[in-house]
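Participant: Before we start, here is the structure in question, set down as structure tokens.
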Amino acid sequence: MLPKKLFYAVEAVLYIAYNAGRGPITGRDIAERQGLPPRYLEQLMQRLVRGGVLRGVRGPHGGYLLARERRRITIGDICECLNGKDDDNVKGYGGTKLGAQIVSPVWEAAHRQTMEYLSKVNLADLCEQAFTKNIRKDAEEKMDFAI
């Protein structure tokens, strides 16, 4: 099972990618939409900046932008920013022989297959899926008003 923090980070980065073009998006805005405490999300966002997925913009109209094109950012990239390349892998497990010789190889194979899959899914693909499912962009939602 993938950690919840990865889900929140992917959703936040996808939100930025899907709403690209309106300028930097604040962490507070994303946290509010996700129903998360801003400080929690801010920690994730800073890891994504350090990992080269996002770019932080300072100032009164600051926030976050993608650091690369949507098609060049994968879910695997986001996962690596949050957890490192090994992601709590069990290599070098020093417990029982059952754990080291039987369970560990299964765990490592599952991890490897998951990362291979996540590295094939990019933000451009996810944005296209959102568009096909008629999910409105933030700017479109804000323009929806009645007189």
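Participant: For n ≥ 4 DSSP H runs only, could you compute -39500 (n - 2.57) per run for the chain, divide by its residues and tell me the 222 nm figure to the nearest 500?
Facilitator: The helix-only estimate for the chain comes to -15500 deg cm²/dmol at 222 nm.
Participant: Given Cα pairs under 8 Å that are at least 6 residues apart, what percent is the relative contact order of the stretch 6-118? Before the final figure, lay out the partial values.
Facilitator: Numbers: 107 pairs, mean separation 26.8, N = 113.
In percent, rounded to a whole number, it is 24.
Participant: For the chain, what is the charge dipole size about the Cα centre, in debye to the nearest 20, if Lys and Arg each add +1 at the Cβ and Asp and Glu each add -1 at the Cβ?
Facilitator: Working: 23 positive and 18 negative charges, 58 e Å.
It comes to approximately 280 debye.
Participant: Something else now. Taking a ≥ b ≥ c as the square roots of the Cα gyration tensor eigenvalues, with a/c under 1.5 meaning rounded and otherwise prolate when a/b beats b/c, else oblate, which class fits the stretch 12-53?
Facilitator: Details: a/c = 2.04, a/b = 1.09, b/c = 1.88.
Note, shape of the stretch 12-53 comes out oblate.
Participant: Compute the distance in nm between two label points, each set 7 Å from the Cα along the Cα-to-Cβ direction, one at Val57 and one at Arg22.
Facilitator: Taking the two extended label points, one gets 1.3 nm.
Participant: For Cα pairs less than 8 Å apart in space and 6+ apart in sequence, what is the mean separation divided by the residue count of the stretch 38-80, i.e. the relative contact order in percent?
Facilitator: 30
Participant: Label the chain by shape, choosing from rounded, prolate and oblate, from the square roots a ≥ b ≥ c of the eigenvalues of the Cα gyration tensor; if a/c is under 1.5 it is rounded, and otherwise prolate applies when a/b is larger than b/c, oblate when it is not.
Facilitator: Prolate.
Any read-out appearing in this document is the output of simple, stated calculations on the displayed coordinates, not a laboratory observation. Predicted model only: the values in this text are computed from it and were never measured. Here the Cβ is made from the backbone with ideal geometry for all residues, glycine too, and neighbour counts use every protein chain on show.
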